[in-house]
Ligand SMILES: *Cc1c(COP(=O)(O)O)cnc(C)c1O
């Protein structure tokens, strides 16, 4: 019997989806594609961490409440104690929990575009209606009239605002964000994945807006491999979202390791500060190039436009340098590339090859 009929069981939304693509980086010597922190830990810190891991009980289920880890996150991120917190296996999992919670007949998830692709993917996976509202084509600011009109028309259950935005690197105007908060009757999630690289945050607005949730992650700080994200907001709302969390989603090694790492928070803050300085330096050097458009950034990456993005991307790869080609991913990103800020040596190596290619 042929087995092709099995696909008939798969929902069309899933069949039409292309899986999240992670490029092969085996022949890559300089990896600047995924907003990772380029620095490893000091030998002393690694030794201290390994010592601690010996005491972790791998035979036991993790603490489902992760109390110690949560308390540390409240402290280092200056989160008001009156707010609730949910942990996710990366913020990706939190986006999934939000979509599962707010899913429903004709419920809409709205986001400005281009933005982080997981919002759209997870809306489709759970079967929510998805609306993407284009950003301004030149500076990627919010087209606030279009957004407010879409909010009126679709009454979204869930709005995602990446602040700063990925892949454009900018923060949206505070007054535009406030008008969205004032207009929306649904939940507004401000995704602050790039908080380590900007002074801007919506944490101070939590007390004022009960439908506002702030999402953070330790990935861009330098702990992407441990997979830990957090969602913060009014406890009554979070209690509902918490019901969709699998009981042991943060494993014992991640709990112990992130708790350990956050005790060395100043070490990571110093790295983020270094990356910010290197980002500004890289931007300055990119802006000298005549055939390159480079947008300002409050993140650890820079968005670029060149004449032939696909050729430049492929040739960089042949030189062992991996960045992200955004050409074809959204109409506003024609011939765009995204480069993550690496170590000063990596940035210079990238710049040297890139300059020749453009
Ligand atoms: C990288 C990124 C995330 C994903 O973070 P994880 O915690 O690693 O899952 C979420 N939102 C935005 C905007 C990002 O760029």
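The values are calculated or read from the model by the stated rules, or taken from the named source; none is laboratory data. Remember, predicted model here, so these are calculated numbers, not experimental data. For neighbour counting, all protein chains shown are included, and Cβ atoms are generated from backbone atoms with ideal geometry for every residue, glycine included.
The table below lists the values:
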item	result
Filter result (without any contact (Cβ under 8 Å) to a residue 40 or more places away in the chain, surrounded by 22 or more Cβ atoms within 10 Å (Cβ to Cβ) and assigned to a helix (DSSP H, G or I)) within region 116-134	122, 123
Filtered residue count, region 277-300, keeping only those that are under 21 Å from the mean Cα position of the chain (by Cα), in contact (Cβ under 8 Å) with a residue 24 or more places away in the chain, assigned to a helix (DSSP H, G or I) and more than 16 Å from the ligand (Cβ to nearest atom)	1
Only listed residue being over 30 Å from residue 277 (Cβ atoms), surrounded by fewer than 16 Cβ atoms within 10 Å (Cβ to Cβ) and without any contact (Cβ under 8 Å) to a residue 60 or more places away in the chain, chosen from 159, 174, 178	178
So residue 137, is it more than 13 Å from the ligand (Cβ to nearest atom) and either under 28 Å from residue 296 (Cα atoms) or assigned to a strand (DSSP E or B) (or both)	yes
Per-region count, region 224-233, residues within 9 Å of the ligand (Cβ to nearest atom) and out of contact with any strand residue (DSSP E or B) (no Cβ under 7 Å at 6 or more places or on another chain)	2
Residue within region 58-74 that is closer than 25 Å to residue 341 by Cβ, in contact with a helix residue (DSSP H, G or I) (Cβ under 9 Å, 6 or more places away or on another chain) and either modelled with pLDDT of 95 or more or in a loop (DSSP other than H, G, I, E, B) (or both) present	yes
The lone exception for residue 117 - which of (1) in contact with a strand residue (DSSP E or B) (Cβ under 9 Å, 6 or more places away or on another chain); (2) within 16 Å of the ligand (Cβ to nearest atom); (3) closer than 30 Å to residue 305 by Cβ it fails	(1)
Members of region 199-217 found to be assigned to a loop (DSSP other than H, G, I, E, B) and within 16 Å of the ligand (Cβ to nearest atom), listed by number	200, 201, 202
Any chance residue 236 is at pLDDT 95 or above, part of a helix (DSSP H, G or I) and away from the ligand (no atom under 16 Å from the Cβ)	yes
Scope region 96-114; condition within 12 Å of the ligand (Cβ to nearest atom) and in a loop (DSSP other than H, G, I, E, B); matching residues	114
